[in-house]
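The values are calculated or read from the model by the stated rules, or taken from the named source; none is laboratory data. Here the structure is a predicted model, which is why all the values come from computation and not from measurement. Cβ atoms come from the backbone with ideal geometry, glycine included; neighbour counts cover every protein chain shown. Note: areas computed on protein heavy atoms with side chains; ligands, DNA, RNA excluded. Shrake-Rupley method; radii C 1.70, N 1.55, O 1.52, S 1.80 Å.
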Amino acid sequence: MRKHMIVIALTAVLLAPGFGTPAGAVGTSTFNSSSHPILFVHGYNGSGANWDTMVSRFKNDGWPAAYLDQWSYDSRQSNATTAEQLAGAVDRLLAATGASQVDVVTHSMGGLSSRHYLKNLGGDARTEAWVSLGGPNHGTDAANGCLDPSCAEMRIGSNFLTALNSGDETPGAPRYATWWSPCDTVINPDSSVALTGAGNTRTACLGHNALLTDATVYAQVRSMINS
């Protein structure tokens, strides 16, 4: 049965430390001359540290540290405000690496600000691939009990999501992909994650934060962005 979570429970899940999975589970070097720098965008009440396991795996697979930006931001503000700040983070990463495009890998609410960036702020020209892990792309009932602007924007039928999903859900030239779990109790309904025009992958029975650390999900994401 679906759990209707209040904001305290949502925050506790998203802030759970460690996640219990060792880094470096995948060790084949796959970085090459056509690989892009990666900007990682965390979710509600998270931080760049949420990506420690995945970033360690990318490093083990040959990505230079300078190509892996575990960006942090104030997740209480509107996702539109975050999208403007994300634009600056992308520009800084491109300048630091000399690349012309980035790959954007997101977890949970991080998918919303980054989609706003791609759709409305010209980010589609600077992004080659975009990934959503457990993103509330069409809303989640877990956001019904919170008051922060960003959390209210995650509610099913919010004005923000209605505008974001109007027309083409995967605009521009970037390649889009989502991963969703049938056991994710934070994103309700499960169908919220998938986007028309994206590659949409069902995972094994994983919790919301386990999407960040699961070795199979990592290998699939790595293959997608590096194809």
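From the list Thr213, Thr170, Thr140, which residue is over 28 Å from Ser34 (Cβ atoms) and hydroxyl-bearing (Ser, Thr, Tyr)?
Numbers: Thr213 fails: over 28 Å from Ser34 (Cβ atoms); Thr170 fails: over 28 Å from Ser34 (Cβ atoms).
Sole residue among the options that is over 28 Å from Ser34 (Cβ atoms) and hydroxyl-bearing (Ser, Thr, Tyr): Thr140.
Identify all residues within the stretch 81-109 that are among the acidic types (Asp, Glu) and open to solvent by less than 20 Å² (accessible area, probe 1.4 Å); write none if there are none.
Matches in the stretch 81-109: Asp103 only.
Scan the stretch 141-167 and report the pairs whose first residue is touching a residue at least 12 places away in the same chain (Cβ under 8 Å) and within 16 Å of Tyr44 (Cα to Cα) and whose second residue is in a helix (DSSP H, G or I) and small (Gly, Ala, Ser), with Cβ atoms within less than 6 Å and a gap of 6+ or a chain change.
So the pair list comes out as Cys151/Ala143; Met154/Ala143; Arg155/Ala143.
Which of the residues that make up the stretch 32-58 are open to solvent by 60 Å² or more (accessible area, probe 1.4 Å) and either modelled with pLDDT of 95 or more or closer than 28 Å to Ser150 by Cβ (or both)?
Asp52
Can you spot a residue in the stretch 82-96 that is in contact with a strand residue (DSSP E or B) (Cβ under 9 Å, 6 or more places away or on another chain) and in a loop (DSSP other than H, G, I, E, B)?
For the stretch 82-96, residues in contact with a strand residue (DSSP E or B) (Cβ under 9 Å, 6 or more places away or on another chain) and in a loop (DSSP other than H, G, I, E, B): absent.
Could you grab me the full set of residues in the stretch 178-218 that are aliphatic (A, V, I, L, M), open to solvent by less than 30 Å² (accessible area, probe 1.4 Å) and either modelled with pLDDT under 95 or within 18 Å of Val104 (Cα to Cα) (or both)?
The answer is Val193, Leu195, Ala198, Leu211, Leu212, Val217.
Working only within the stretch 31-69, note down all residues that are under 18 Å from Arg126 (Cα atoms) and under 19 Å from the mean Cα position of the chain (by Cα).
Ser35, His36, Pro37, Ile38, Leu39, Phe40, Val41, Tyr67, Leu68, Asp69
The rows are residues; the columns are (1) among the small types (Gly, Ala, Ser); (2) farther than 24 Å from Pro182 by Cα.
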{"position": "Thr140", "(1), (2)": "no, no"}
{"position": "Ala152", "(1), (2)": "yes, no"}
{"position": "Phe160", "(1), (2)": "no, yes"}
{"position": "Ala163", "(1), (2)": "yes, yes"}
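Taking the options Leu211, Leu195, Leu206, name whichever one is in contact (Cβ under 8 Å) with a residue 12 or more places away in the chain and assigned to a helix (DSSP H, G or I).
Every option except Leu211 fails the conditions.
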